[in-house]
Amino acid sequence: MRLAIRDLSVGFAQPRGAPPREVLRRIDAELGPGEVLGIVGESGSGKSVLALAVIGLLPRTARARGRVEMDGTDLLPLGDGAMSRIRGRRIGMIFQEPMTALNPAMRVGAQIGEGLRLHRGMGRAEARAEALRLLDRVRIDRAAERLDAFPHELSGGQRQRVGIAIALAPEPELLIADEPTTALDVTVQAELLDILDELVSERALSLILVSHDLGVIARLAERCLVLWRGAAVETGPTARLLADPRHDHTRALIDALPRRTRATLPRSADG
Ligand SMILES: Nc1ncnc2c1ncn2[C@@H]1O[C@H](COP(=O)(O)OP(=O)(O)OP(=O)(O)O)[C@@H](O)[C@H]1O
Ligand SMILES: [Mg+2]
């Protein structure tokens, strides 16, 4: 799968015929199989709007221009039906708050199984066995018991593991993770980032990783795009950005990192 974002702008309609407010301006980005693209920027810079534009989940008041090409096909003009089929099958999404993606009234195994039955044509028993395998893959403890649990019986970290398992079930080619570990403690965060990293290389998955935390981005993304007030102010190899930031906002993101994290990053990021 090859994704190409070309000259993408997004505005929101304003009341009483006022001109739309642009929140994303002329973004270009590319992503190939087995690659991770980091999207980093302060709160309100447009990271989630960019993620939603790619996955076709912008609110109705949004107006997008430009192209979001998946293997050469522009996704922007697709209708709801065509886009929801692509979303189910080829693009998976992991949200910041895992409850967003989970159905509180449905057991975990059944929720993972839905994608398996719908998109991979599995029967009930086969789907249950594969759901267990996926829960093992995201290293949830006592996976067999968790199949029959409801989301509220799980911790935040376990819910996010289930969220990843659900996103993986249809074997998507592209995964979009919007602040997937922000709500979690640092140990769980590190383990989930490792799992995402493994999945990218195992399955030649393409990953768009969104975070306000350049430390999270630096762990996984070989390339990143720094958003500031809706514009890509800097883009390139993450190591280069860290070692030689060319925009004040990139420098501010580096300065926001804890000292200890900065010390583990490429040289001169600390200076
Ligand atoms: N539904 C909407 N209607 C109008 N404006 C919106 C809507 N959603 C987002 N915006 C605006 O778009 C801009 C970018 O928002 P976005 O949610 O992408 O920020 P973000 O970088 O994801 O921030 P955070 O780190 O806080 O999640 C903001 O100015 C926001 O107010
Ligand atoms: Mg956001």
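When each of the peptides 207-218, 5-16 is scored by the mean number of other C-beta atoms lying within 10 Å of its residues, the order from highest to lowest reads 207-218, 5-16. Evaluated at q = 0.12, 0.22 Å⁻¹, the base-10 log of the normalised Debye intensity for the stretch 89-195, with identical point scatterers placed on the Cα atoms, takes the values -0.34, -1.22. Each eigenvalue of the Cα gyration tensor of the stretch 174-244, multiplied by 5 and square-rooted, gives one semi-axis; in descending order these are 20, 15, 12 Å. Counting only heavy atoms of the protein chains and using a 1.4 Å probe, Asp185 has close to 90 Å² of accessible surface. Computed with a 1.4 Å probe on the full set of protein chains, the accessible area for Met83 sits at about 10 Å². Write out the trypsin sites (Lys or Arg not before Pro) in the stretch 30-137 meeting two conditions: DSSP loop, and at most 14 other Cβ atoms within 10 Å of their Cβ. Of the trypsin sites (Lys or Arg not before Pro), the ones in loops of the stretch 30-137 whose Cβ has at most 14 other Cβ atoms within 10 Å are Arg60. Compute the FRET efficiency between Arg67 and Ile195 as 1/(1 + (r/R0)^6), taking r as their Cβ-Cβ distance and R0 = 25 Å, and round to the nearest 0.05. Calculated value: 0.20. Each Cα pair under 8 Å and six or more residues apart adds its separation to the average, and for the chain the resulting relative contact order is 25 percent.
Quick check: from the Cα gyration tensor, does the stretch 121-175 come out rounded (a/c under 1.5), prolate or oblate? Oblate. Our analysis of the chain gives Rg over Rh at 0.98, with the two radii drawn from alpha carbon positions and Rh computed by the Kirkwood formula.
Sorting the Cα pairs of the stretch 1-55 by distance into bins of 5 Å, from 0 upward, gives 5, 16, 25, 24, 15, 9, 4, 2, 1, 0 percent per bin. For the stretch 112-271, the Kirkwood hydrodynamic radius from C-alpha pairs, put into Stokes-Einstein at 10 °C and a viscosity of 1.306 mPa s, yields a diffusion coefficient of 92 µm² per second.
For the stretch 172-177, the Karplus equation 6.51 cos²θ - 1.76 cosθ + 1.60, evaluated at θ = phi - 60°, returns couplings of x, 8, 10, 10, 10, 10 Hz by residue, with Gly and Pro reported as x.
The values are calculated or read from the model by the stated rules, or taken from the named source; none is laboratory data. All of these numbers come straight from a predicted model, not from anything done at the bench. Because the Cβ atoms are built from the backbone with ideal geometry, glycine has one as well, and the counts that use them run over all protein chains shown. In case anyone asks, the SASA skips ligands and DNA or RNA and just uses the protein heavy atoms, side chains included. Shrake-Rupley method; radii C 1.70, N 1.55, O 1.52, S 1.80 Å.
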